[in-house]
Amino acid sequence: MIIIRSIAKMQAYCRLAIKQKKTIGFVPTMGALHVGHLSLIRAARKKNDYVVVSIFVNPAQFGPGEDLKKYPRNFKADSRLCQKEGVDVIFYPSTEEMYKKGHKVYIEVKDLDKGLCAKYRPGHFRGVATVVIKLFNIVSCDDAYFGQKDIQQARIISALVRDLNFPLNVNILPTVREIDGLALSSRNAYLTSSERADAPVLFDSLEQARCLIKNGQRDAGKIIYKIKEMISGKESAKVQYVEIVDADTLEPLKKIKGKVVIALAVFIGKTRLIDNIIVKI
C-alpha cells in the first residue's frame, strides 16, 4: 500500500493504471474509518484491480458552529485498517493541496439540495458536490462506493455523475449497523454511555414505520407523527426532522406510494445522527 499526498502524483498513478488496462475502485472518506467504510472497501476490492481510498476532512461541507475542528482524525489507525483490507493507495491530501489559494469554483445541484439535511445545513451539499467532483477528476475510477446512510448525498452524487457524464459507476451499498440497529457513524464516538443507550431509537422508530406501512398505513403525516412520538420518549433525543420522500427525487410525499425513503435527523445529546430506510410498496 502506498500513501499519496499530491494531486499530480495521484493523477499519474491513475494514468498508469488506465494504460495497463486496470480498473480502479474508489472509496471517498473523511477518515475515522469503521466497519461501514470497510464494507465499501471490500466491495471495491472484490470488483476492481486497484482500490483507492481518499481520506480528507473537507472544510467546504462544514457550516458555522459545526464540528470541523473536533471531527475525529486518526490517520495511523485508518491506514492500518486500509492495509489490512488490501487497499492499494490512500490519497491523503492537505486542505491547501485540495483548495489552492484563490479557489473560486463550487458546484450546486438543483432541487436535490433543498430538502432533508440541506434545510438545516446550508451550503453543506455545495461543499460535498464540489469535493466529490474534484476527487473524481483526481482519481480516474471505474467504480465509486458510497453508503445508503447518507442518502441525500448519494442521490446528489449519482445526479452529478449522470448529468456531467462522468464515465464511472456509482455504487450505493446498504447501511451497516450495530447489533442493536444503530447506523455506524464516525460521530457515534461523541455519545456518552447513556446517550448510546438511547440512540437505537432512531432505527427502532424507522422499523415501526415500516410495520405501519406493511399493515396498510399510507398517510405520511400519521407515520411521521408515530416516529416522532417514539423518539421523544428518550430523554436525550431531540428530533430535527422526520420526512417521507420519493426515493428518486427526494420530494416530500403526503401519501405513501412507489419507492420511498423515510429519513430522519435527531440530536442525541449534542450529537446529530441521521438514518433512513427505503420502503417499496
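The table for this structure:
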| read-out | value |
| --- | --- |
| Region 191-205: number of residues that are touching a residue at least 60 places away in the same chain (Cβ under 8 Å), under 14 Å from D275 (Cα atoms) and not in a helix (DSSP H, G or I) | 1 |
| Some residue of region 135-152 being touching a residue at least 60 places away in the same chain (Cβ under 8 Å), under 24 Å from K70 (Cα atoms), under 15 Å from the mean Cα position of the chain (by Cα) and assigned to a loop (DSSP other than H, G, I, E, B) | no |
| Among (1) open to solvent by 50 Å² or more (accessible area, probe 1.4 Å); (2) touching a residue at least 40 places away in the same chain (Cβ under 8 Å); (3) closer than 21 Å to D150 by Cβ; (4) not β-branched (V, I, T), the one test that F62 misses | (1) |
| Residue tally, condition outside any loop (DSSP other than H, G, I, E, B) and either open to solvent by 40 Å² or more (accessible area, probe 1.4 Å) or over 20 Å from Y120 (Cα atoms) (or both), over region 251-276 | 6 |
| Single residue of region 31-56 satisfying the filter (buried (at least 18 other Cβ atoms within 10 Å of the Cβ) and among the β-branched types (V, I, T)) that is farthest from A118 (Cα to Cα) | V51 |
| Filter result (loosely packed, with under 11 Cβ neighbours inside 10 Å and either within 30 Å of Q240 (Cα to Cα) or basic (K, R) (or both)) within region 84-110 | K100, K101, K104, K110 |
| Residue within region 188-211 that is buried (at least 18 other Cβ atoms within 10 Å of the Cβ), touching a His at 6+ places or on another chain (Cβ under 9 Å) and within 27 Å of I244 (Cβ to Cβ) present | yes |
| Qualifying residues in region 175-187 (those that are open to solvent by 30 Å² or more (accessible area, probe 1.4 Å) and free of Cβ contacts under 8 Å to residues at least 60 places away in the same chain) - the one nearest to D275 (Cα to Cα) | R177 |
| Considering residues of region 220-250 that are surrounded by fewer than 12 Cβ atoms within 10 Å (Cβ to Cβ) and farther than 14 Å from Q208 by Cβ only, the residue modelled with the lowest pLDDT | E235 |
| Condition broken by L81, with the remaining ones in (1) open to solvent by 40 Å² or more (accessible area, probe 1.4 Å); (2) over 29 Å from R42 (Cβ atoms) satisfied | (2) |
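The values are calculated or read from the model by the stated rules, or taken from the named source; none is laboratory data. Source: prediction; values computed, not measured. Don't worry about glycine lacking a Cβ; one is built from the backbone with ideal geometry, like all the others, and counts go over all protein chains shown. Please note that ligands, DNA and RNA were not included when accessible areas were found on the heavy atoms of the full protein model with its side chains. Shrake-Rupley method; radii C 1.70, N 1.55, O 1.52, S 1.80 Å.
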